[in-house]
Structures are given as structure tokens and as C-alpha cells.
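Quick notes on the structure that follows.
We did not get these values from a lab; they are worked out from the coordinates using the rules stated. Computed from a predicted model, the values in this text were never measured in an experiment. Glycine gets a Cβ as well: all are built from the backbone with ideal geometry, and neighbour counts include every protein chain shown.
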Amino acid sequence: MTYETVLRSATKEVVIGHDRPFCLIGERINPTGRKIFQEQLRNGDLSAIERDVAAQVAGGADVLDVNMGVPLTDEADLLSRAIKLVQERTDLPICIDSSVIEALEAGLAAYQGRALVNSITAEDDRMEAVLPLVKKYDAAVIALPNDADEIPMESDKRLELVKKIVEVATKEYGIAIENILIDPLAMPIGADSSYVQTTLTTIRRIRDEFGLNMTCGASNVSFGMPGRHVLGAAFLPIAMAAGLTSAIMDTRTPEIVEAVKAADLLLGHDEWGSAWIAAHRAKLAAT
């Protein structure tokens, strides 16, 4: 048995599932590593968010990740304002991304619909802090199978922590199992050539043993390597075949987005190839 995760904005619904087209979560609305964007946000200038929304939507995003983690700012206020702005510019559902509990609650309170929360780990204190908010605001949540001790390098340990997360979330907090997405921990291939195989094994086992939906930071795999777009375009279709159902990624990269859409067709998630054909015709029309 596999599950479907339903996310909503005020007017639009996105369903993530193993028999559904792959869900692209646009990652660009994030100031990490963007010094100019950080300075703009410190000065109250949110105009770059509008540009990022437009670019991610144009690239094919189904959901938008919003992160306002800027040092020396009131992150709760900033995240609340950003979410309201994003909702004015698009009807796509939002993934609210913060490690600050006060900011997370402010973002959830400002959001209209069912959000995706990014994220929890298997650490008890993190689950205790975040899961009540997930329940209160009827959200879905991304969970990473690592704890205070380590990021497990073995699939068996990751599966143990997935089981712990599921049991705590469903039994102690009453969160529906379909509202839990697991991040199988995509690790850089440049650090160890075995990392991706461990991730793929973990993906298959989560699908087969739990039926849960999954997401990951797609760019993690190629970090530190040349030809990152080529690696991303190869990794995601392989991961999709293993059971990955969504990814947090920069949808401004046509090479990777097109590889995902091709995989949807080949895996039977694009009935009669209608989406693939429509996209091809739109591209011809544009040129």
C-alpha cells in the first residue's frame, strides 16, 4: 500500500503520490548563500521574492519552498510577510522552511491552505517542538531519518529512524501517516561513491515497507562535482524509478526538469504522454 499526500493553497490542490507525476518543489526562495538577497531582506526589500516566484513557476514548480533564514532579522515577521507575498503572486502550495519554531508558527498562521513543513528529524526535542504545530495547522511534514548522534550511513539505521518518526507522529500526535514525507538523505557522490546507492536502497525500502512519499534536496547529490546539471538529470529519474515522489530543486534548470518529465512519461505517470506532448508543442510555439 502507498499513500497520497495532499497539499493545498487557497485555490489549488497538489497531490504527491507513487502513481502521480513527480512533484517539483522550487527551492529558490531562500537567502542561503545569496549575500545581496540577504541584504535586501534586512532592508525590508522583498522584490527579489517576486522575481524568484515568477522564475520557479515558469520553470515548472508544483510547490514553492519559502525560507527566510537571514541572520540579524526577525525571521518570524519576515517569513510571515514572505508567505503572504508569495500567496499574492501564485496559487501554488507552499513548503514552509525554517528551523526556528517561532518563525514556523508565524508562517503557518499566515498561510491559507495545507502547507508542507520543512522539516523534522528523529531527534525527540525537534519532534516535540514541531509536530504539535503540524497537527494544529493540519500540515504535512518532511522528516529526515537522522538523530542527535549521526547521519546514518547505513540503510538499516535510516529505516529504524523512519519507523520511530512514523510511530511518534501518528500515535503520539495523531498526524495522518499520509502527511509524513521522508527525506531518504541524498548525500554527495563526490564525498563517497557509495552514498547514492545507499540513498536508492533507502528509497526502495521506504516505498516497499512504509508506502510513504519522499522528497530530497536534489542538488545534494552533485555537490562539489563538475557537470552538476547532468548528474541531477541522471539521478532524479533513477530515484523516481526507485520510489522518490518529489524533490526540492531549482526549477530554473530545464535540463533537469525535462529529465523528470521524461521519466514521468516512461514510468507511466503521464497518461498518453499528454503533458510531454503539450510541453513540446509549447516549446515549438515559443520558438
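Taking 20 Å as the cut-off, the amide N atoms of the range 1-32 that come nearer than this to a point 7 Å along the Cα-to-beta-carbon line of ALA286 belong to 22-29.
The simple Förster model, with R0 at 51 Å and r as the Cβ-Cβ distance, assigns ARG89 and SER193 a FRET efficiency of 0.80. Note on GLU160 and ARG42: their simple-model spin labels are 4.4 nm apart, each label 7 Å out from Cα toward Cβ. Of the trypsin sites (Lys or Arg not before Pro) in the range 1-68, the ones in a loop by DSSP (not H, G, I, E or B) with at most 15 other beta carbons within 10 Å are LYS12, ARG34. Computed extension length for GLU209-ILE151: 18.8 nm, one decimal, from 0.36 nm per residue of separation with the Cα-Cα distance subtracted. Test of understanding: in a Gaussian network model of the chain with alpha carbons linked when under 10 Å, which of PRO93, PRO132, PRO184 would top the mean-square fluctuation ranking? The residue that fluctuates most here is PRO132. Shape annotation for the range 96-152: C-alpha extents along the principal axes are 36, 17, 16 Å, from largest to smallest. Shape annotation for the range 20-112: C-alpha extents along the principal axes are 40, 26, 22 Å, from largest to smallest. Rounded to the nearest angstrom and listed largest first, the equivalent-ellipsoid semi-axes of the chain from its Cα gyration tensor are 26, 25, 19. Between ALA58 and LEU266, the FRET efficiency from the beta-carbon distance, with R0 = 30 Å, is close to 0.75.
A full extension of the chain between GLU255 and HIS229 corresponds to an added length of 8.7 nm, given 0.36 nm per residue minus the alpha carbon distance.
When the Gaussian network model of the chain links Cα atoms closer than 10 Å, the mean-square fluctuations of ALA140, ALA115, ALA148 top out at ALA148.
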